[in-house]
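No lab work stands behind these numbers, since they all come straight from the coordinates. Quantities reported herein were computed from a predicted structural model and do not represent experimental measurements. Counting neighbours? That spans all protein chains shown, and the Cβs are built from the backbone with ideal geometry, glycine included.
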Amino acid sequence: MESGLLSSVKGEEAVREQAATEAAGAQPVMETAMGAAETTAAEPATELPAAKRTAPPGRRARSAGEAAGRVVLPLAAGALFIAMWELKVFHRLLNLQAYQLPLPSAIVRAMRDNFDILLSYAGYTLTEAILGMAIGSAVGFVVALAATAWPGWGAGSLFFAASLNAVPIVALAPIMNLWFGSGMGSRVAIVAITTMAAMAINAHKGMNMADPLALDLMRSYAARKRQVFRYVRVAGSLPYVFTALKINTTAGMIGAIVGEFFISSRGLGYLLSNSIKVAKMPLGWSCIVMAAIAGVLFYLIVERLEKVFIRWHPSRRT
Amino acid sequence: MKAQGRQVPVLVWGAALLMLWEAVSWFLLEWAEVPMAQSKLPYIHKVLATFGTYGGVLAAESRITFANAAGGFFLGAAAGALLAVLMSASKWAERLAFPYAVASQMIPILGLAPIVFGIVRDEEAARMLIAAYITFFPVALNMLRGLKSVSPAALELMRACAASPWSVYWKLRFPASLPGLFSGLKIAAPLAVTGAILVELMGASRGIGVMMLRNLYYGPSHVYMFWSTVIVGALLGIASYAIVSGLERIAAPWQPEFRTKGGGR
């Protein structure tokens, strides 16, 4: 009995570690991007540098230097890049004119001049992305639940969800326009369709990663099917669900913006394609900058939520 | 036998979906009398008939799109793999490029399509560039993760055998990176097709996206043709994914999900 329990715990650990390495793929990565230095804790154990870092005695001083290198080096490179851009190095190299590739100063000016409209359009696009993602992810999760509950037939539906994933968004845009009109609805629908598949596939994977021993344990407690789902499968799938949500933030922004290219009278995508058409390149670029900022914010919010919701998970413990 | 058992539900689902489509289309047209019913959901058999009639044209145009997307895809994949190797070999390169590669994952890249098209007026080059750009970062990030997934014990063994850096890469790191590389490629392949079609919609002269746009503008009389192009676009995306998955099976057949028995997940 005791050894059975022990091995169950071990098995669980292995599964979680696997989940952790997958989830961690995006995790430590973000922290480097934000300039934080303590990536060591969250990194999967399989990575080589982690083993190296534990060894030397004068580690503290070195890691401080390393942290500076981590932050300063990319920032310096970015600053150099922008400076070269501003000084028209790229223009000379690629034989471009300033109206083709606007200078950073012009982009900043365009952003300042149109700040109000950019902000309200960014809000509009972000609303579309969030609404669509919420609907799409919810549907995807339900599909995954169904596919797990009835494996034989449900898995078939998963195949179609996966093939939806491969459908180009641009092909969806005109059809959704016909179905839902040119308002917000059509973009929400586009985003919902593009985000559904990733959630269905990831959540299904997470639910089926459940440790067989944990399932056996639930069985020996005479748990009902619903309880098994609630306590083992759904709870265990949460890291995968959040991985899918993080994928979906980007996909959602792309879906919303690309949808607005063709059918819209508002939003960042609309302003972007319109200002390109009338050769207002700086304004177009400022839309991209705005979209990037909105995308990063959206991602960070989801990541924050992830930290709150699965704090209990072994992959999050420090 | 087992494979057959798995395919039956898929086939039944497919048939059911097609029947549902046909029924809804009929309902919209004959019962609800929704305006532009056929544009919203045309009879699937008529779309398939159009497929038969104009199959040659559709194939020719989609070949152009696919060739451009594939060209860009290979360029981007090669560049991404190169960056991944660089980042795994040199700490400096990793520190320099990694944050940007990650940030680029959070940015709606396809939004760049009109801008790239504005800079590079040549439509073929623009299509390839967008496809390459979209492919570049997922491949670089995922392959880097693969290159780093080598077990420390194996590395120590290679060190103990005084293996040259070249043979460490060739015998240990490259094989270990293949699953990561392919998961990056699988993310990127449909996106590359999407990017190519998007550039065509922005204004090219040939390709499946151009046909899509033209038939959309011609209105209700070209509904079936429009839907055919949409389906072709979807098929191109699915085909690209299927091709990469097939290659993965050949190149890295040892992965757990390919096992038919034993080993668990």
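A compact table of results
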{"item": "Vicinal HN-Hα couplings computed from phi for the range A:204-216 (Karplus, 6.51 cos²θ - 1.76 cosθ + 1.60; Hz; Gly/Pro x)", "result": "4, 4, x, 5, 8, 7, 3, 5, x, 5, 5, 5, 4"}
{"item": "Span from the the range A:161-208 Cα centroid across to the the range A:100-115 one, whole angstrom", "result": "33"}
{"item": "Amide H within-cut-off set for A:SER264, under 5 Å, with H built and near neighbours excluded", "result": "none"}
{"item": "Span from the the range B:195-260 Cα centroid across to the the range B:120-175 one, whole angstrom", "result": "27"}
{"item": "Extension reserve of the A:SER220-A:PHE115 stretch, reckoned as 0.36 nm per residue once the Cα distance is removed", "result": "31.6 nm"}
{"item": "Residue-averaged beta-carbon neighbours from other chains (10 angstrom radius) around B:63-69", "result": "0"}
{"item": "Test item: B:237-243 mean partner chain Cβ contacts at 10 Å", "result": "3"}
{"item": "Bins of 10 Å, starting at 0 and running to the largest distance - Cα pair percent for the range B:44-257", "result": "9, 29, 28, 19, 10, 4, 1, 0"}
{"item": "Selected from B:VAL139, B:VAL199, B:VAL244 as most flexible by GNM, with chain B as the system and alpha-carbon contacts under 10 Å", "result": "B:VAL244"}
{"item": "Rounded to whole Hz, the Karplus (6.51, -1.76, 1.60) HN-Hα couplings of the range B:115-132, x for glycine and proline", "result": "6, 4, 5, x, 7, 9, 6, 6, 5, 5, 5, 4, 4, 5, 4, 4, 4, 5"}
{"item": "Distance from the range A:120-134 to the range B:26-80 (C-alpha centre basis), Å", "result": "28"}
{"item": "Volume per residue that the Cα convex hull of the range A:268-307 spans, once the total is divided by residue count, Å³", "result": "37"}
{"item": "Relative contact order computed over the range A:142-301 (Cα-Cα under 8 Å; 6+ residues apart), in percent", "result": "23"}
{"item": "Virtual spin-label span in nm between B:VAL57 and A:HIS91, 7 Å along Cα→Cβ", "result": "4.4"}
{"item": "For peptides A:180-186, B:224-230, B:36-42, sequence by mean Cβ density within 10 Å, most packed first", "result": "B:224-230, B:36-42, A:180-186"}
{"item": "Cleavage-rule hits, chymotrypsin sites (Phe, Trp or Tyr not before Pro), the range A:71-116, DSSP coil, Cβ neighbours within 10 Å at most 12", "result": "A:TYR99"}
{"item": "Neighbouring partner chain Cβ atoms per residue of A:284-290, average, 10 Å criterion", "result": "3"}
{"item": "Chymotrypsin sites (Phe, Trp or Tyr not before Pro) within the range A:194-302, DSSP loop, no more than 13 other Cβ atoms inside 10 Å", "result": "A:TYR221"}
{"item": "Whole-angstrom Cα spans of the range A:237-305 along principal axes, big to small", "result": "48, 21, 13"}
{"item": "GNM top mover of B:ARG159, B:ARG121, B:ARG214 - chain B, alpha-carbon springs below 10 Å", "result": "B:ARG159"}
{"item": "Per-residue HN-Hα couplings for the range B:181-192 [Karplus 6.51, -1.76, 1.60; θ = phi - 60°; Hz; x = Gly/Pro]", "result": "4, 6, 5, x, 5, 5, 5, 7, 4, x, 5, 4"}
{"item": "Under-5 Å amide H pairs with B:TYR54, H placed in peptide plane, nonlocal only", "result": "none"}
{"item": "Label-point separation, A:TRP153 to A:THR127 (7 Å along Cα→Cβ), nm", "result": "4.0"}
{"item": "Top of B:LEU157, B:LEU110, B:LEU216 by mean-square fluctuation, Gaussian network on chain B, Cα under 10 Å", "result": "B:LEU157"}
{"item": "Theoretical gain in end-to-end length, A:SER105 to A:TRP179 [0.36 nm per residue, Cα-Cα removed]", "result": "22.4 nm"}
{"item": "Ranked by how many other beta carbons lie within 10 Å on average, peptides B:27-33, A:207-213, A:197-203 from highest", "result": "A:197-203, A:207-213, B:27-33"}
